[in-house]
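> Got a structure for you, questions after.
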Amino acid sequence: MFTLLTILTLCLDSTLTLCSPAIDDTLFYVWSTGAQTSCIDITGTAVGEAEYICEARTKTFITTDNLMANGDFENYTDYHQQPTGYTSDYEYLPFDPYGTDLYDQPQYQGKSGVYLLSHNAKHTWRDYANVSPHSGNLFAMFDAAHSGYAWKASTPENPGLQLLEGGLYVFSYWAADLNEASQRSHPAKLQFTIRYKMPDGTMKKESLGEVMTLGKDNLWHYSQTFWTSPVTSDSIEIGVEDLNDYYGVGNDFGLDDIIFQMVTLEDSKLIDTDTFRVITEDCTPCLDFVYRKWNDVLFADNTDEQFVSYQWYEDSVAVAGATAQFYQLTDTVTPHFYYVEATMTDGRIRTSCVQLFEQFPPSASQTPAKNNRLVLHQGRLLIQTKNTFYDLLGNELTAPSR
């Protein structure tokens, strides 16, 4: 195991992607933010420093019970009634898996777009292979050609089917092509998806794993996918669609042991820990809003009243007590560099461009003002604040007569 410290800078309001260097399909990742992905996006919302820690762990895990009520198709007690725990956008056939073969019943001859449960696919239809479930029953689909879910589990039928934000889940299932060799020209293409309610009430849909195209055999094929929930939600739908829209010969499939479980981190082995120290800076270019008044007074323009506080700097060092809109220079002989950091009403800080001030004679003491402007009155140049007039030496005047 090793630990790596990475120091990065980020501009305010920009986004940075952090990735664990130990990216490997055999690992999963736990971030200090709660995310469980190999990479996360960080947005600079405030100036400052923050650390983000990522643990890379093995996929040794312990899972909870299956969150779906009937993913193994075992609670099948009355074949005349549609099974519980899931629904389908296709028609259910009340076929007795231990009674007469389906193809011997005239009313079912040529039937398509239907599903049923059976303990052996060959017993279900003469063109099916001898495919048996792992135990109990399998879900058998005939011609899943029109749009919609062949099988779907949702929270109303599965009260345990709920999500926790940041929770890691594992989804798995078995699928098999049920047709004999002569019927394999149009195999099913299965895509499982999950839909969940967002905090704003809308439903979001994501894929659960890759599309499984059933091969030229009648064997069970296994799929397993790890998925991290981005939200806490109590309204979930998990279903499968056949993306092959061919109607007629083929395009039949079987399902068994559909499982959705939450993963815990117990007994997983820590491979490495990565620490990212992100320093967020305000990268806005310096602003030219400081003016020199008289000889030795610096003034931060606040005409738009966007600034609420100030801090003046001399040679990059904060000047103690220099927190007013005006700053009167104290050293009139030695050249110095000056700038101000002005805090805006929204808390953002704007920095003025650095200015060099060299030797100059001192002027009279000044009276600070929030805003000011120069006015010409009867050939005399005055400084006007909101309610007061000053001469160029800073002496307060009565309002000039018109």
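Laboratory data are not the source of any read-out in this text; all were calculated from the coordinates shown. Predicted model only: the values in this text are computed from it and were never measured. Cβ atoms come from the backbone with ideal geometry, glycine included; neighbour counts cover every protein chain shown.
> R0 = 25 Å: FRET efficiency of R292 with E396, Cβ-based, nearest 0.05?
Taking R0 as 25 Å, the efficiency between R292 and E396 is 0.75.
> Can you tell me how much longer the chain between S185 and L5 gets when fully stretched, taken as 0.36 nm per residue apart minus their C-alpha distance, in nm with one decimal?
59.3 nm
> Another question about this same structure. What size of dipole, in debye to the nearest 20, comes out for segment 290-369 about its Cα centre when the only charges are +1 on Lys and Arg C-beta atoms and -1 on Asp and Glu C-beta atoms?
I would put it at about 60 debye.
> Assuming R0 = 60 Å, what is the FRET efficiency of T388 and T232, from their Cβ-Cβ distance, to the nearest 0.05?
0.55
> Obtain the nm distance between the two label points defined at H146 and V211 by a simple spin-label model: each point lies 7 Å from its Cα along the Cα-to-C-beta direction.
For the pair H146/V211, the computed spacing is 2.2 nm.
> Sticking with this one: Which whole number in µm²/s is D for segment 290-369 by Stokes-Einstein, with the Kirkwood Rh taken over Cα pairs at 25 °C and 0.890 mPa s?
The calculation lands on 190 µm²/s.
> Does segment 216-270 come out rounded, prolate or oblate by the C-alpha gyration tensor, with a ≥ b ≥ c the root eigenvalues, rounded set by a/c under 1.5 and, if not, prolate when a/b is larger than b/c and oblate if not?
Judged from the Cα gyration tensor, segment 216-270 comes out oblate (a/c at least 1.5, b/c at or above a/b).
> Here's a follow-up. Which trypsin sites (Lys or Arg not before Pro) from segment 159-233 combine a DSSP loop assignment with at most 15 other Cβ atoms within 10 Å? Show your work: numbers first, answer last.
Numbers: sites: R184, K189, R195, K197, K204, K205, K216; in loops: R184, K216.
Within segment 159-233, the qualifying trypsin sites (Lys or Arg not before Pro) (loop, at most 15 other Cβ atoms within 10 Å) are K216.
> Measuring from label point to label point, each 7 Å out along Cα→Cβ, what is the Y92 to V308 span in nm?
Taking the simple label geometry, Y92 and V308 are separated by 6.2 nm.
> Determine which aspartates and glutamates satisfy two conditions relative to K59: a Cα distance under 16 Å, and not lying fewer than 8 residues away in the same chain.
Cα-Cα hits under 16 Å: D24, D25, E266, D267, D272.
> Treating the beta-carbon of each Lys and Arg as +1 and of each Asp and Glu as -1, no other charges, what is the dipole magnitude of segment 126-278 about its Cα centre, to the nearest 20 debye? Numbers along the way, then the final one.
Details: 11 positive and 22 negative charges, 39 e Å.
Roughly 180 debye for segment 126-278.
> Something else now. Between H336 and R126, what is the label-to-label distance in nm when each label sits 7 Å out along the Cα-to-Cβ direction?
Result for the modelled spin labels: 10.3 nm.
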